[in-house]
Amino acid sequence: MIKDRLVGELLTRELARQRRGVELIASENFASLDVIRTMGSWLNNKYAEGYPGKRYYGGCEVIDEIEGLAIQSLCKLFGAGYANVQPHAGAQANMAVQLSLLKPGDAILGLNLAHGGHLTHGSPVNFSGMYFRAHSYGVHPDTGYVNMEQVREQALEHRPKLIICGASAYSRDWDYAAFRTIADECGAVLMADIAHPAGLIAAGLLSDPLKQCHVVTSTTHKTLRGPRGGIIIMGEDIPHPSGQTDKKGNPVMMGQRLNSAVFPGTQGGPLEHVIAAKAVAFREAQTEDYRKYAAQVIRNAAALAQALVDRGFNIVSGGTDNHLMLVDLRSKSITGKDAENLLIRADITTNKNMIPNDPEKPMITSGIRLGTAALTTRGLVEGDFVRIAEWIHALILHRSEDAVIASIKSEINRYMEGFPLYPGIEGL
Ligand SMILES: *Cc1c(COP(=O)(O)O)cnc(C)c1O
């Protein structure tokens, strides 16, 4: 145990919680021990402002190799021609892209937060909505799929400089080519934020945004199963849309502007311990094991969605192409908030989530978001997810019966013992 007993005991308790529970939060995963150990290393001690070969500190020889390996592995994983591995998180990656392209007051267009979008895509409580004129598109009320007609209307009306596709709570694949046509029509840069499905895209199981989008951002800790962090990639570097040239008359490149927007634009020293762990994760994601894992994530999500539909639940858009789904709970007469609080009593972890055009307030909601990335890492397969749907169904049906809830909780705790997490580890 680490010398700080108080913190050490909290770490042990959190490990026990992760082990005994049914983890359905769509943005979470269980990184490998290699990733965890790399993050917890002495690389933490090094300052390395700048980029490989161009640092503001001495002693960066090894760090340069590490960051270079992370960049090279990331480019290989996605077939990218440019990568920046320094963003501290997904939000910082998005902030850097916006800083590199926009001036205060410029228009942007992203998916409505209430329809599954992300705060950094133009929400008024986020920098993206405070400094830019943010407009949004939504999902079609009849289908739950992104309303491409509305995307086009909004784009032509507001002439955004940046169009963002990607979401936090959208269970369908994206038509990046259709977005690109619209972006070209209004002269916008097209960005995809693949924070959620990145790992499934890397495994070749969903459409590839790099072919159509100018810039792609992501987190590294969701389906990609790495350390908490962000990345920016491009299929190939392009001239910056401002058309500016440098002193020699060469075009200023987008990659150069993105690098400056990350550091010094929005961040200080890079987290090289995390960047090393990113390199580990990018290399893991190129293995056959990982590709099998990603395919199982999708099969498990389909099985869970179907099992819920079979039990009278509604899934927004009717199903899922990726690792997550949005469950509309109105047919079960329970709010998202009450469902989240009920399920956690049986150690099923989920999050309440707005459904498109939700009649409830954001702190109440009518839905929950479920994802299969974390439990698939634990080794669960389709049949296990049918079992999970049964538990969710039974809990909601017997929501006021404490004995039923307690008995499902102990059944779940026993069940999860069959799927060991970090076997042999007892604490730090
Ligand atoms: C999770 C997420 C982010 C932000 O990631 P953080 O690492 O939490 O900052 C950005 N965009 C989308 C679409 C996300 O789902």
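For the chain, the residue among Phe313, Phe78, Gly226 whose Cα projects farthest onto the positive side of the dipole built from Cβ charges is Gly226.
The alpha carbon centroids of region 1-26 and region 304-364 are separated by 26 Å.
Just to confirm, what accessible area per residue do you get for region 58-176 at 1.4 Å probe, in whole Å²? Before the final figure, lay out each step's value.
Details: 4900 Å² over 119 residues.
I get 41 Å² per residue for this part.
Heavy-atom accessible surface of region 313-416, averaged per residue, reaches 39 Å², computed with a 1.4 Å probe.
In degrees between 0 and 90, to the nearest 10, how far off the longest principal axis of the chain does helix 148-158 point, with axes built from Cα atoms? Roughly 40 degrees between the two axes. Shape analysis of region 205-323 places it in the prolate category; the axes a ≥ b ≥ c from the Cα gyration tensor give an a/c of at least 1.5, with a/b above b/c. Under a 5 Å amide H cut-off, with hydrogens placed 1.01 Å from N, Val139 pairs with Asn147 among residues at least 5 apart or on other chains. Highest GNM mean-square fluctuation among Thr223, Thr349, Thr12, for the chain modelled with Cα contacts below 10 Å: Thr12. Projecting label points 7 angstrom from Cα along Cα→Cβ for Glu14 and Ile425 puts them 1.1 nm apart.
Taking the DSSP bridge list for the chain and keeping only pairs wholly inside it, about 60 percent are antiparallel.
What accessible area per residue, rounded to a whole number of Å², is obtained for region 211-261 using a probe radius of 1.4 Å? Write down the numbers at each step before the final one.
On the way: 2250 Å² over 51 residues.
Averaged over the residues of region 211-261, the accessible area is 44 Å².
Per residue, the chain reaches -12500 deg cm²/dmol at 222 nm when only DSSP H runs of four or more residues are counted, each adding -39500 (n - 2.57).
Relative contact order (percent) for region 222-309, with alpha-carbon contacts under 8 angstrom and 6 or more residues of separation? Spell out each step's value before the answer.
On the way: 41 pairs, mean separation 27.0, N = 88.
Relative contact order of region 222-309: 31 percent.
Label-to-label distance for Val381 and Glu411 is 2.2 nm, based on points extended 7 Å past Cα in the beta-carbon direction.
Legend: residue pairs Lys332/Lys352; Lys103/Lys211; Lys292/Lys409; Lys54/Lys278; Lys76/Lys161; Lys3/Lys46, Cα-Cα distance threshold 19 Å; pairs beyond threshold, Lys103/Lys211; Lys292/Lys409; Lys54/Lys278; Lys76/Lys161; Lys3/Lys46. Protein heavy-atom surface of region 287-332, 1.4 angstrom probe: 47% of the accessible area is carbon and sulfur, with nucleic acids and ligands not counted.
Which value, in debye to the nearest 20, gives the size of the charge dipole of region 235-350 about its Cα centre, when Lys and Arg are +1 and Asp and Glu are -1 at the Cβ?
Roughly 140 debye, rounded to the nearest 20.
Counting pairs of alpha carbon atoms under 8 Å apart in space and at least six apart in sequence, what relative contact order in percent does the chain give? Before the final figure, lay out each step's value.
Numbers: 875 pairs, mean separation 97.2, N = 428.
Dividing the mean separation by the residue count of the chain yields 23 percent.
Taking θ as phi - 60° and the Karplus parameters 6.51, -1.76 and 1.60, the scalar couplings of region 402-416 work out to 4, 5, 5, 4, 5, 6, 5, 4, 5, 4, 5, 4, 5, 4, 6 Hz in sequence order, x denoting glycine and proline. When the Cα positions of Gly427, Gly204, Met416 are compared along the charge dipole of the chain, Gly427 comes out farthest toward the positive end, with charges on each C-beta of Lys, Arg, Asp and Glu.
How high is the relative contact order of region 293-332? Use alpha-carbon pairs under 8 Å, at least six apart in sequence, and give a whole percent. Walk me through the numbers on the way to the answer.
Numbers: 41 pairs, mean separation 16.3, N = 40.
Once divided by the residue count of region 293-332, the mean separation gives 41 percent.
Solvent-accessible area assigned to carbon and sulfur over region 102-156 amounts to 54 percent, based on a 1.4 Å probe.
Principal-axis analysis of the Cα atoms of the chain puts helix 382-397 at an angle of about 60° to the longest axis.
Net charge dipole, the chain: roughly 580 debye, given to the nearest 20, about the Cα centre with Cβ charges of +1 for Lys and Arg and -1 for Asp and Glu. To the nearest 10 degrees, how steep is helix 90-101 against the longest Cα principal axis of the chain, on a 0 to 90 scale? Helix 90-101 sits roughly 30 degrees off the main axis of the chain.
Heavy atoms only, probe 1.4 Å: what % of the accessible area of region 1-88 goes to carbon and sulfur, would you let me know? Write down the numbers at each step before the final one.
Working: 2810 of 5000 Å².
The value for region 1-88 is 56 percent carbon and sulfur by accessible area.
Rounded to the nearest Å, what's the spacing between the alpha carbon centres of region 46-80 and region 162-196? Just the number, please. Going from one Cα centre to the other spans 29 Å.
The values are calculated or read from the model by the stated rules, or taken from the named source; none is laboratory data. The shown structure was predicted, so the numbers you read here are calculated from the model rather than taken from an experiment. All Cβ positions, glycine included, derive from the backbone under ideal geometry; neighbour counts span all protein chains shown. Note: areas computed on protein heavy atoms with side chains; ligands, DNA, RNA excluded. Shrake-Rupley method; radii C 1.70, N 1.55, O 1.52, S 1.80 Å.
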